[in-house]
Amino acid sequence: MAYRYVVQIGDERLRKNCEEVKKFDKELWSLLDDMKETVRKENGAGLAAPQIGINKRVVVIDLEEGYFEMINPKILSVKGEQTGTEGCLSVKGKYGIVTRPLKVKSEYRDRNGKKHTVTGTELFARCMCHEFDHLDGVLYVDRASEMYDEKPDEE
Ligand code: CO
């Protein structure tokens, strides 16, 4: 495993539409291992492959609910709404207020290509929306109603 440099906003690699993964091989596993090391070292809740300069539809999420490797993820359905603070390892030192669905049901493939579905609420739902956006070249700053240089107090 190796830590990988996280590219920052302004880098055009964050703005590309990422490609579907077709081969669930050692190259993918090594990418996933690097992403795990990077997200943990950076204390992130999630990381998408374009954030380390790889144009593939691969996301890792690291929350209380568990550690998820999500390949070719797709949102199947959403419910409700939540408004709260978001940050991103590619937008260091900034925070923004973003409205997201409260509940998200997704499908994805694991590192062996097996299909799974998962339902997340609150932070997990927010995290899936944020990370999946990265795969379409979308950053949370595009959706934020307000931006801050410090983390605002949660109500
Ligand atoms: Co992000």
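Here are some notes:
- Shape class of the chain from the Cα gyration tensor (axes a ≥ b ≥ c, square roots of the eigenvalues): oblate, since a/c reaches 1.5 or more and a/b does not exceed b/c.
- Placing a label point 7 Å from the Cα of ILE9 along the Cα-to-Cβ direction, the residues of segment 121-155 with a backbone N closer than 12 Å are 139-150.
- To the nearest ten degrees, helix 122-135 and the longest principal axis of the Cα atoms of the chain are 60 degrees apart.
- The stretch between GLN82 and SER145, if pulled fully straight at 0.36 nm per residue, gains 21.4 nm over its current Cα-Cα span.
- Gap separating the Cα centres of segment 113-148 and segment 28-92, nearest whole Å: 8
- Those lysines that a straight Cα-Cα span of less than 18 Å connects to LYS79, excepting residues fewer than 8 apart in one chain: LYS103, LYS105
- Within the accessible area of the chain (1.4 Å probe), percent carbon and sulfur: 45
- Full-stretch length increase - TYR67, THR121 - with 0.36 nm per residue and alpha-carbon distance subtracted: 17.9 nm
- For HIS116, the accessible area of its heavy atoms, probed at 1.4 Å with every protein chain present, is near 60 square angstrom.
- With a cut-off of 13 Å between beta carbons, the residues surrounding ASN112 carry a summed charge of +3, where Lys and Arg count +1 and Asp and Glu -1.
- Scanning the chain for trypsin sites (Lys or Arg not before Pro) in DSSP loops with at most 11 neighbouring Cβ atoms within 10 Å leaves 24-91 as the longest stretch between them.
- Residues LYS103 and ASP25, FRET efficiency given R0 of 22 Å [Cβ-Cβ distance, rounded to 0.05]: 0.05
- Only helices enter this figure: runs of n ≥ 4 DSSP H residues, each worth -39500 (n - 2.57), summed and divided by the residues of the chain, yield -6500 deg cm²/dmol at 222 nm to the nearest 500.
- Take the chain with all the other protein chains still there, run a 1.4 Å probe, and you get 55 Å² of accessible area per residue.
The values are calculated or read from the model by the stated rules, or taken from the named source; none is laboratory data. All values derive from a computational prediction rather than experimental measurement. Reconstructed Cβ throughout: ideal geometry from the backbone, glycine too, with neighbour counts over all protein chains shown. Surface accessibility is based on the protein's heavy atoms, side chains included, excluding ligands, DNA and RNA. Shrake-Rupley method; radii C 1.70, N 1.55, O 1.52, S 1.80 Å.
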